[in-house]
Amino acid sequence: VLAAVKKNWQTIEYAADDKRADRHIVVEAVKRGWQALMYASEELQGDRELVLLACKQDGRALKYASEALQGDKELVSECEWRALEFASDSLKEDTDVIF
């Protein structure tokens, strides 16, 4: 699966659950396409470093992050500007969140 993901990140969509939970495989997929985060295991969608990797490419990746990370002010502030759409309601109202 790792070799396939390195050629085309979209192959993660068809990977078995244990491969979607393998951090190394998912990191490689996300490096090649932020959208791969949507196929990551729930646990990895809560991995701050992985979510940030995706969100720096495109803030819309925050849609696939855990609820806790959607409310993480520091993380959201480091994301690409489109992340605000998927940030927690409290962060959307926080004037300190700067893009």
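Residue count for region 13-28 satisfying the condition of being open to solvent by 40 Å² or more (accessible area, probe 1.4 Å) and in a loop (DSSP other than H, G, I, E, B): 3.
With the condition being at pLDDT below 95 and on the phi < 0 side of the Ramachandran plot, I'd like the helices (runs of 4 or more DSSP H) fully within region 56-99 carrying at least 1 qualifying residues. So the answer is 73-78, 89-92.
Quick grid of which residues meet (1) under 15 Å from Phe86 (Cβ atoms); (2) open to solvent by 40 Å² or more (accessible area, probe 1.4 Å):
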site: Val30; (1), (2): no, no
site: Ala36; (1), (2): no, no
site: Tyr39; (1), (2): no, yes
site: Val51; (1), (2): yes, no
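Return yes when Ala68 is buried (at least 20 other Cβ atoms within 10 Å of the Cβ) and out of contact with any Cys (no Cβ under 6 Å at 6 or more places or on another chain) and no when it is not. So Ala68 fails the test. Within region 73-95, residues that are surrounded by 12 or more Cβ atoms within 10 Å (Cβ to Cβ) sit with their Cβ atoms under 7 Å from residues that are at pLDDT below 90 and not hydrophobic (A, V, I, L, M, F, W, C), at 6+ positions apart or across chains, in these pairs: Lys73/Asp94; Leu84/Lys92. Residues in region 32-58 that are under 8 Å from the mean Cα position of the chain (by Cα), more than 15 Å from Trp9 (Cα to Cα) and aliphatic (A, V, I, L, M): Val51, Leu52.
The values are calculated or read from the model by the stated rules, or taken from the named source; none is laboratory data. Computed from a prediction, not measured in an experiment: that's the story for all the values here. Virtual Cβ from ideal backbone geometry, glycine too; neighbours counted across all protein chains shown. Accessible surface is based on the protein model in full, side chains and every heavy atom, while ligands, DNA and RNA are left aside. Shrake-Rupley method; radii C 1.70, N 1.55, O 1.52, S 1.80 Å.
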